[in-house]
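The values are calculated or read from the model by the stated rules, or taken from the named source; none is laboratory data. Because the structure is a prediction, the values reported are computed rather than measured. Every residue, glycine as well, gets a Cβ built from its backbone with ideal geometry; the counts of neighbours run over all protein chains shown.
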Amino acid sequence: MVDVFLQGPYRVTQRAAWPLGHCIERYPGMLKPHFRKILAQLGKKNIHDSVKRNTLRMLQFVHIPKAHQGITTDLCLTFLADSKEPVAVRVFAMTVLANISKEVPELKNELIPLLEDQLPYASAGFISRSGKVLKQLKR
């Protein structure tokens, strides 16, 4: 299913995303052997927003292994800082970063100002999620 999600034509990828996301939400360990492929796909320049959104949605449910935390953090910070990214992509990236910050507390020093700077111009969904994430980060 992961291979279909990553390599299929757009329509097939889109249809594979929903069941794959629910499987990963219920069984997060299933994603572990595929981290390298998933992050490589997420790092490509011209991937469709739905692939970014669904990949980040899956990543918010799993523990990011230390070996992949750096690249995951870089990708998520890039998505979060880009105001041209869809709100769902930015919100899922925010959650992934908040999860990583539990293990890498220094990340909070970068994430908190980034979120606070974006609040005045943000959508309702972004404001809602960032409020929860900021509360979690400031504990």
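With respect to the conditions (1) closer than 19 Å to I24 by Cβ; (2) among the hydrophobic types (A, V, I, L, M, F, W, C); (3) modelled with pLDDT of 95 or more, L77 lacks only one, and its number is (1).
For the range 1-29, taking the residues that are within 15 Å of Q60 (Cβ to Cβ) and hydrophobic (A, V, I, L, M, F, W, C), the one that is modelled with the lowest pLDDT is identified as A17. Within the range 17-33, restricting attention to residues that are surrounded by 15 or more Cβ atoms within 10 Å (Cβ to Cβ) and among the hydrophobic types (A, V, I, L, M, F, W, C), the residue that is nearest to P65 (Cα to Cα) is L31.
For the range 34-62, the set of residues classified as under 21 Å from E103 (Cα atoms) and surrounded by fewer than 16 Cβ atoms within 10 Å (Cβ to Cβ) consists of R36 only. R15 meets the conditions (1) under 27 Å from K102 (Cα atoms); (2) out of contact with any Lys or Arg (no Cβ under 9 Å at 6 or more places or on another chain) in every case but one. The failed one is (1). For the range 49-81, filtered to residues that are touching a Phe, Trp or Tyr at 6+ places or on another chain (Cβ under 6 Å) and not polar (S, T, N, Q), the residue that is nearest to C23 (Cα to Cα) is R57. Taking residues in the range 42-57 that are closer than 14 Å to D74 by Cα, and partners anywhere that are of a type in the set (S, T, Y) and modelled with pLDDT of 90 or more, the pairs with Cβ atoms closer than 9 Å and at least 6 places apart or on different chains are L42/T55; L42/T72; L56/T95. Checked against (1) in contact (Cβ under 8 Å) with a residue 24 or more places away in the chain; (2) assigned to a helix (DSSP H, G or I), M30 meets all criteria but (1).
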